[in-house]
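Here's the structure we're looking at; comments come further down.
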Amino acid sequence: RMRFLVLLLAGAMALCAGDVSGKWKGTMLDNEGRERSDAPVFLILKQEGGQLTGTAGEDEYEQISIRNGSVVGDTVQFEVATDDALYKAVLKIEGDDLIKGGGTVERSGESAKFAVVVRRVKPAGGN
């Protein structure tokens with residue numbers, strides 16, 4: 001019994017450390033920190049240790065590969081290059097189901113800041 005409890009606790013601690021693998025859905029935020037319904041964000045992430053790969057886009061079907069992805073502690077970083085812009089994100093893990101933060105977008109030689117919040121997509125039938 002004790003061995004089972006130790007294994008269960010070890011598994012729970014690993015989950016708390018925050019594997020961000022999975023699907024995440026959210027929005028960009030406006031200047032007041034409110035979610036923008038006209039600016040959806042959908043991430044499909046795969047974490048292996050401190051390395052992060054995956055894709056990002058407006059929905060689950062239109063995705064672009066992320067690059068230079070990493071997870072260090074509660075910080076998630078990656079870049080997404082589109083035809084006309086480069087997004088550099090630095091996000092914070094806030095619990096198992098929430099990631100938020102921001103970054104910069106570089107377009108036509110100019111740089112602007114953005115903010116984003118995404119929540120883990122629960123599997124169908126999941127609690």
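The stretch 26-122: which chymotrypsin sites (Phe, Trp or Tyr not before Pro) are DSSP loop and have at most 11 other beta-carbon atoms within 10 angstrom? Qualifying residues, ordered by number: Tyr61. Accessible-area rank, largest first, for Ser21, Ser37: Ser37, Ser21, with all protein chains present and a 1.4 angstrom probe.
For the stretch 17-127, the calculated P(r) over all alpha carbon pairs, in 10 Å bins from 0 to the bin holding the longest distance, is 15, 50, 30, 4, 0 percent.
The stretch 102-119 and the stretch 55-79 have Cα centres spaced 13 Å apart.
For the stretch 57-127, carbon and sulfur atoms together expose 48% of the accessible surface, with a 1.4 angstrom probe and every protein chain in place.
With R₀ fixed at 22 Å, the C-beta to C-beta distance from Ala124 to Glu94 puts the FRET efficiency at about 0.35. Using 0.36 nm per residue and subtracting the Cα-Cα separation, the extra length available between Arg34 and Glu106 on full extension is 23.7 nm. Accessible surface calculations at 1.4 Å, restricted to protein heavy atoms, place the stretch 77-122 at 57 Å² per residue.
The values are calculated or read from the model by the stated rules, or taken from the named source; none is laboratory data. If you're wondering where the values come from, they're calculated on a predicted model, not measured in any experiment. Because the Cβ atoms are built from the backbone with ideal geometry, glycine has one as well, and the counts that use them run over all protein chains shown. All accessible areas refer to the heavy atoms of the entire protein, side chains included, with ligands and DNA or RNA removed. Shrake-Rupley method; radii C 1.70, N 1.55, O 1.52, S 1.80 Å.
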